[in-house]
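This report concerns only the one structure given below.
The values are calculated or read from the model by the stated rules, or taken from the named source; none is laboratory data. All values derive from a computational prediction rather than experimental measurement. Cβ placement follows ideal geometry from the backbone for every residue including glycine, while neighbour counts extend to all protein chains displayed. Protein only, heavy atoms only, side chains kept; ligands, DNA and RNA dropped before computing areas. Shrake-Rupley method; radii C 1.70, N 1.55, O 1.52, S 1.80 Å.
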Amino acid sequence: MTHIQGSASPAPWCTIITVAYNSARTLEHFWTPGIEGIEWVVVDNASTDDSVAVATRLGATVIRLHRNHGFSYANNVGYQIARSNFIGFVNPDIRLTSDSLHILDQVAEEAGAIVGPQLRNADGTLQPNGRGFPTLSAKVRNRLRGDDPAYLLSSDNERPRPVVWLMGAAVFGHRAQFDQFGVWDPHFFLYYEDSDLGLRSWEARVPVLLVPTAEMEHGWARETSGRFRFTPWRREIASLTKFYSRYPSLLLPRRLASIVHTNITRAVFGPREATHQ
């Protein structure tokens, strides 16, 4: 089923797991070489381009899957072989920095939390990657307008901000926290797996924090943006159906969904919001 390429190095303090699918050019463009003490694991989902060769040349330990089992499954494969306690799940189009990794490690350790950096676009503008409740109405509104301040969350100061979930492009934490809720659910081939991870983390009493002092660039090319293609939309609709079957309360308007998930509401939006729903 799998083939592993790459040589072992001294025990790392951080493992970066990247799922690749025909990502050769993106890996080449975004990977940051020379960060000391990290292990890079690339799980290749049966690419037909040079992803494996590029990742190997850049220094990654590469796991080749002979079938595309999806994003969540591949992330979990990487997690199984990660040699460090601090682990980041990072898309191919994320540009890492050493300082941000160390900040995320410290915050995750001190708060016992799942954490994410503040993502920015290539031009330096803010890319809100924290999220509020993923109600169906919020998802639709975000796709149509993308301007809902109760759904697109960022921090207005330097303190870590609790969020309901983090975009799956960059999610970090320690094994002690990930193991409490099982990391990624492979029932989600692609899409909604990050929303599910955030909700399961909170259910396990593991906070989810956006860390504004840790910044990373994100290229962000979503398959269901731009020209219509059937396969990405088919996958998104399949994941949507699974997600709202698991969380039917999120079919409700945000005000009612917040009542169902009062503990998360209090942590993310404060006690005043929880009592005024």
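When the range 107-121 is limited to residues that are touching a strand residue (DSSP E or B) at 6+ places or on another chain (Cβ under 9 Å) and assigned to a helix (DSSP H, G or I), the one that is surrounded by the most Cβ atoms within 10 Å (Cβ to Cβ) turns out to be Ala108.
Taking each residue of the range 176-193 that is more than 21 Å from Trp233 (Cβ to Cβ) and looking for partners that are open to solvent by less than 60 Å² (accessible area, probe 1.4 Å) and assigned to a loop (DSSP other than H, G, I, E, B) with beta-carbon atoms closer than 8 Å, six or more apart or interchain, yields Ala176/Gly112; Gln177/Gly112; Gln177/Ala113; Gln177/Val206; Gln180/Ala204; Gln180/Val206; Phe181/Ala204; Phe181/Val206. The residue that is nearest to Gly70 (Cα to Cα), among those in the range 6-38 that are open to solvent by less than 20 Å² (accessible area, probe 1.4 Å) and polar (S, T, N, Q), is Thr18. Scanning the range 122-136 for residues that are outside any strand (DSSP E or B) and either free of Cβ contacts under 8 Å to residues at least 60 places away in the same chain or open to solvent by 50 Å² or more (accessible area, probe 1.4 Å) (or both) gives Ala122, Asp123, Gly124, Thr125, Pro128, Leu136. Checking each residue in the range 144-194 for being open to solvent by less than 20 Å² (accessible area, probe 1.4 Å), out of contact with any Asp or Glu (no Cβ under 7 Å at 6 or more places or on another chain) and farther than 14 Å from Pro117 by Cβ picks out Tyr151, Val164, Phe178, Val183, Tyr192.
Just one residue in the set Glu223, Glu203, Glu273 is modelled with pLDDT of 95 or more and among the acidic types (Asp, Glu); that residue is Glu203. Checked across the range 133-141, the condition of being modelled with pLDDT under 95, among the charged types (D, E, K, R) and touching an Asp or Glu at 6+ places or on another chain (Cβ under 8 Å) holds for at least one residue. Among the residues of the range 97-106, the ones that are open to solvent by less than 40 Å² (accessible area, probe 1.4 Å) and touching an Asp or Glu at 6+ places or on another chain (Cβ under 9 Å) come to 1 in all. A Cβ distance below 7 Å, combined with a sequence gap of six or more or placement on separate chains, defines the contacts here; from the range 89-106, residues that are at positive phi reach no residue that is of a type outside the set (D, E, K, R) and not in a loop (DSSP other than H, G, I, E, B). With respect to the stated conditions, Asp196 fails to be of a type outside the set (A, V, I, L, M), assigned to a loop (DSSP other than H, G, I, E, B), modelled with pLDDT of 95 or more and farther than 27 Å from Glu158 by Cβ.
When the range 39-79 is examined, which residues are found to be under 17 Å from the mean Cα position of the chain (by Cα), crowded, with 21+ Cβ neighbours inside 10 Å and hydroxyl-bearing (Ser, Thr, Tyr)? Across the range 39-79, the qualifying residues are Ser72, Tyr73.
Listed here are the strands (runs of 3 or more DSSP E) enclosed by the range 33-92 that have at least 1 residues being among the aromatic types (Phe, Trp, Tyr) and at pLDDT 95 or above: 38-45, 86-90.
How about the range 160-193: which of its residues are assigned to a strand (DSSP E or B) and of a type in the set (D, E, K, R)? Can you show your working first?
The initial filter retains those residues of the range 160-193 that are assigned to a strand (DSSP E or B), namely 161-162, 165-166, 170-174.
Result: Arg161, single match.
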